[in-house]
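Enquirer: Before I ask anything, let me first share the structure, which is written out below as structure tokens.
Coordinate-derived values only; no laboratory data. Keep in mind the model is a prediction, meaning the values are calculated, not measured. Note: ideal-geometry Cβ built from the backbone for every residue, glycine included; neighbour counts use all protein chains shown.
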Amino acid sequence: MTSKILSIGRIQLRATDGLILATLAFFTVLSVLFMVEGWVMLVLKNVAVAAAYVVFNAFSERVQHKFWRFFVRVAAVTLTYAYLFGAVDKLQLIIHDRWLDEYVTDFEQYIFGVQPTLWLQEYTTPALTEWMMFSYVIYVPMYPVLCGIIYYLHGELAMEDYFFTLGFTNILCDIGFILFPVAGPLPYIGHLYTVPLDGYVWTYLGELMRSQLHYIGGTIPSPHCAAATIMWIMAYRYYRPAFYVLIPIVLSLYVSTFYGRYHYVTDAVLGVAVAFVALTFVPIMVKLWERIGSGIPVPVNVEKPTRGAT
């Protein structure tokens, strides 16, 4: 990851910052051009989030204590990525004026001869549901925990590599929601499910995520699968033991997305594919940033990342 920083007056932006602010601006322009429902409020919220992000970013640059510098940076970036996921909600139908689920269900019926999310009901048990929901929910704490491991072992440049790659992957997924809007299994074929997803603590948390954090759409490609793939690869790059620990969790996470009726199988496959597309284009994006960055050095306590460290 590049250490170059773009200076705009007193504002200093790293590549991750530029990516976030450019995406907020892009979503704001789309909101105005297509005058989506509640577009005025959406624009105001986007501007407010951008301003808050710049302030927090400036604050994090001035923090000297290693932990608090990490904490502020992680909080600002992670929360803004989460906001971007929600900000694309009203933009999903600006190109198509309806959901396109039938194309996905017809395709999967042709390939598998069944609807996979419905077929899995034959194997649904509380114990299996609990494990699948654990795999699905653990993604949330895995995000900052792995980031912390990378930061403390390899420094800020490695952390920025993690942030930028994850962010670019998530943004590609957000754009996918607009290009091919799909409502998801429960909104589209929910009436066909006959077996409830009974479980325990992790199942409760998974259903809480569904009811409080998700919306209709946000489906294809699966951000869960895309981001989990990036985290897994970053673990391989920067801390190999975590990569091996995550093998059963990430593989189960892929299945949990359609077992838990959050996504179709197609969404999961395309989510993994998008992760590799992002990995291909990130070096190009970084080189573009280097052309406009001013080359301000990173803090002296930052170590250059060592790939493949164990």
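Enquirer: Given contacts defined as C-alpha pairs under 8 Å and at least six residues apart, what's the relative contact order of region 1-126, whole-number percent? Could the numbers behind the result be given before it?
Expert: Numbers: 66 pairs, mean separation 24.7, N = 126.
Computed value for region 1-126: 20 percent relative contact order.
Enquirer: Report the paramagnetic label zone for V145: residues of region 169-208 whose backbone N is under 18 Å from a point 7 Å from Cα along the Cα-to-Cβ axis.
Expert: From region 169-208, the list is 201-206.
Enquirer: Rounded to the nearest 500 deg cm²/dmol, what is the calculated helix-only ellipticity per residue at 222 nm for the chain, with -39500 (n - 2.57) per DSSP H run of length n ≥ 4?
Expert: -23000 deg cm²/dmol
Enquirer: Tell me which DSSP H helices of the chain clear both cut-offs, 24 Å or more of axial length from alpha-carbon atoms and a mean Kyte-Doolittle hydropathy of at least 1.0.
Expert: Those that pass (Cα extent of 24 Å or more, hydropathy at least 1.0) are 15-34, 39-62, 156-179, 240-259, 265-292.
Enquirer: Among F34, T129, I284, flag the residue with its Cα farthest along the positive direction of the charge dipole of the chain, charges on Cβ as +1 for Lys/Arg and -1 for Asp/Glu.
Expert: I284
Enquirer: Place the peptides 273-281, 98-106 in order of packing, highest mean first, counting for every residue the other Cβ atoms within 10 Å and averaging per peptide.
Expert: Per-residue mean Cβ counts within 10 Å order the peptides as 273-281, 98-106.
Enquirer: For the chain, take N as its residue count and report Rg(C-alpha) divided by 2.2 N^0.38 Å.
Expert: 1.03
Enquirer: P(r) tail for region 1-138, what percent of Cα pairs lie past 26 Å? Before the final figure, lay out each step's value.
Expert: Values: 4810 of 9453 pairs.
Of the Cα pairs, 51 percent sit more than 26 Å apart.
Enquirer: Please report Y53, Y110 as a ranked list, fewest other C-beta atoms within 10 angstrom at the top and most at the bottom. Provide the component values of the computation, followed by the final result.
Expert: Details: Y53 19, Y110 8.
Fewest to most other Cβ atoms nearby, the residues stand as Y110, Y53.
Enquirer: Hey, another quick one. If I take R0 = 25 Å and measure r between the Cβ atoms of A58 and L288 in this structure, what FRET efficiency does the formula 1/(1 + (r/R0)^6) give, to the nearest 0.05?
Expert: Computed FRET efficiency for A58 and L288: 0.60.
Enquirer: A follow-up question, please. Most exposed first by the Cβ proxy, i.e. fewest other Cβ within 10 Å, how do M133, M231 rank?
Expert: In order of increasing Cβ crowding within 10 Å: M133, M231.
Enquirer: Given labels modelled 7 Å from the Cα in the Cβ direction, how far is it in nm from H96 to L33?
Expert: It is 1.9 nm.
Enquirer: Suppose each label sits 7 Å from its Cα in the direction of the beta carbon; what would the L118-A22 distance come out to in nanometres?
Expert: So the two model labels end up 4.3 nm from each other.
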